[in-house]
Amino acid sequence: MADLELVQDFVNTADLEQRRDDFRDARGLVRWLAGHRLAGPRLNAREADASDARAVREALRELLRANNGIDVDEAAAAATLDAASRRAGLRVRFEKGAIRLVPAGGGVQEALGAVLAAAAEAMADGSWQRLKACRADDCRWAFVDHARNHSRQWCDMRVCGNRQKARAFRARHA
């Protein structure tokens, strides 16, 4: 089974409500990659690498929004991910009776390739549809939908779900 948690953690490096972006600069990107054992702490990253990581993150987030029934530009997201996978040099490997995608590039591109490989493996094994982004436009936090019927829409019903219910109530009674 694919590493949904890695993709979820990657997408959640930006907290829209708290206005936090772990990839706002190259140092933050290296810190996150090292913390997830995708690179060493001495990785040489440039600001362009942080920009690439942000673009990959937001393209993945758009696909997660689509998993939650939101109409997005999937073609644009796919084009961004296609370009990133080419830069990472993703290659197919046959290991122990399974197919794996392995990045052939180096540095930051290799690390981003590991995230893209996890997303691709999730798409291939069917677990991808369980990974969603919160429907709240001011949140968009990634979460794994563990509901039996895969109907979860909000990252947290007590927060985003309640806000939406309150908005709908006010609109009906206005």
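The values are calculated or read from the model by the stated rules, or taken from the named source; none is laboratory data. This structure is a prediction, so every number in the text was calculated from the model and none was measured. Here Cβ is always computed from backbone atoms with ideal geometry, including for glycine, and neighbour counts include all displayed protein chains. When the accessible area is computed, the model is the full protein with side chains, heavy atoms only, and any ligands, DNA or RNA have been set aside. Shrake-Rupley method; radii C 1.70, N 1.55, O 1.52, S 1.80 Å.
Here are the numbers for this structure:
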| quantity | calculated |
| --- | --- |
| Listed residue (L101, W154, A75) projecting farthest to the positive dipole end of the chain, Cβ model | W154 |
| Cut-off under 5 Å, modelled amide H: who pairs with L90 long-range | A104 |
| Volume per residue of the C-alpha convex hull in segment 20-151, rounded to whole Å³ | 123 |
| Probe 1.4 Å - accessible area at I70, Å² to nearest ten | 30 |
| For the chain, cysteines whose Cβ has no other cysteine Cβ within reach (under 4.7 Å) | C160 |
| Unit charges at the beta carbon, dipole of the chain: most positive-side option, L16, A59, A45 | L16 |
| Cα-based equivalent ellipsoid, segment 1-66: semi-axes from gyration tensor eigenvalues, Å | 19, 15, 11 |
| Cβ-placed point charges (K, R +1; D, E -1), dipole of segment 51-174 about Cα centre in debye, nearest 20 | 580 |
